[in-house]
Amino acid sequence: MIIKAPRKEISFHEDVAVHNADISKLFRRLADLLEIEGANPFRIRAAQIIDDLPRSAAGMITAGEDLTALPGIGADLAGKIKEIAGTGRLKALEEVEARTPSTLAVLTSIPGLGPKRVHTLHEVLGVSTLEELARAAKDHKICGLPRFSAKLEAKIVEEIAKYTQAEHRFKIAAVEDFAGALCSFLKRAPGVRDVAV
């Protein structure tokens, strides 16, 4: 008879510290998606508040500090920060992402296109992807829209070409934070002898 011991589930999240940059990124994405939807985004200055913190928000929570004591952070925002620090996720963002085409957020990475312009492009021209955006710009459908010019239309074509050819890079300091945690996680996996970056 073979008796198998229950396998312990290991979670990558427990090894990865949530950085202030991660928290502010989620808040920025939520605000952008709400604006793309045409909703009145809670343009909370949360992302900027978190970016400006001299200490780790996750560290403050672990130390039992009251986030609402910080300027600009109320109970609701403190709860969302705790949710992100504890899970690495934000339920409110996931709800918005579920109802918003993910390709729309990519359009905001094109210089000159913020959430409001992306909303206009989507509502008026049905643009949802980079390919549709490029086609609309090349067909000169964009320059007739309010707050869009022929110059911006030409710039969009140019920027899409740069974006699709660009090699996306990351700073070593940012990568090292995540690489160390990933190595620690992988070393605990059954059968793994050594892990190196």
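The values are calculated or read from the model by the stated rules, or taken from the named source; none is laboratory data. Keep in mind the model is a prediction, meaning the values are calculated, not measured. Virtual Cβ from ideal backbone geometry, glycine too; neighbours counted across all protein chains shown.
Residue by residue, here is whether (1) among the charged types (D, E, K, R); (2) modelled with pLDDT of 85 or more; (3) assigned by TED's automatic domain parsing to the domain that holds A57; (4) not in a loop (DSSP other than H, G, I, E, B) holds:
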position: I3; (1), (2), (3), (4): no, no, no, no
position: A21; (1), (2), (3), (4): no, yes, yes, yes
position: S24; (1), (2), (3), (4): no, yes, yes, yes
position: R43; (1), (2), (3), (4): yes, no, yes, no
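When the range 67-79 is limited to residues that are out of contact with any Gly (no Cβ under 9 Å at 6 or more places or on another chain) and surrounded by fewer than 16 Cβ atoms within 10 Å (Cβ to Cβ), the one that is farthest from A137 (Cα to Cα) turns out to be A69.
Could you grab me the full set of residues in the range 91-125 that are touching a Ser or Thr at 6+ places or on another chain (Cβ under 7 Å), surrounded by fewer than 19 Cβ atoms within 10 Å (Cβ to Cβ) and assigned to a helix (DSSP H, G or I)? Write out each step before concluding.
Filtering the range 91-125 for residues touching a Ser or Thr at 6+ places or on another chain (Cβ under 7 Å) gives 101, 103-104, 114-115, 118, 122.
Okay, now just the ones that are also surrounded by fewer than 19 Cβ atoms within 10 Å (Cβ to Cβ), so 101, 103, 114.
Across the range 91-125, the qualifying residue is only T103.
Is it true that some residue in the range 63-78 is within 23 Å of F178 (Cβ to Cβ), assigned to a helix (DSSP H, G or I) and out of contact with any helix residue (DSSP H, G or I) (no Cβ under 6 Å at 6 or more places or on another chain)? Checked against the condition, which is being within 23 Å of F178 (Cβ to Cβ), assigned to a helix (DSSP H, G or I) and out of contact with any helix residue (DSSP H, G or I) (no Cβ under 6 Å at 6 or more places or on another chain), the range 63-78 yields no hits at all.
Within the option set L113, L130, L104, being in contact with a Phe, Trp or Tyr (Cβ under 8 Å, 6 or more places away or on another chain) and either under 30 Å from D22 (Cβ atoms) or among the small types (G, A, S) (or both) holds for one residue only, L130.
With the condition kept exactly as written, say whether any residue in the range 118-141 is more than 30 Å from Q165 (Cα to Cα) and among the polar types (S, T, N, Q). No: zero hits.
Checked against (1) assigned to a helix (DSSP H, G or I); (2) assigned by TED's automatic domain parsing to the domain that holds R147; (3) over 20 Å from K151 (Cβ atoms), S128 passes all but a single condition, namely (1).
Of the residues K151, K82, K155, K141, only one is out of contact with any strand residue (DSSP E or B) (no Cβ under 8 Å at 6 or more places or on another chain), surrounded by fewer than 11 Cβ atoms within 10 Å (Cβ to Cβ) and at pLDDT 90 or above; which?
Result of the check over K151, K82, K155, K141: K151.
When you scan the range 165-184, do you find a residue that is modelled with pLDDT of 75 or more and within 22 Å of G114 (Cα to Cα), even just one? Yes, that holds for at least one residue.
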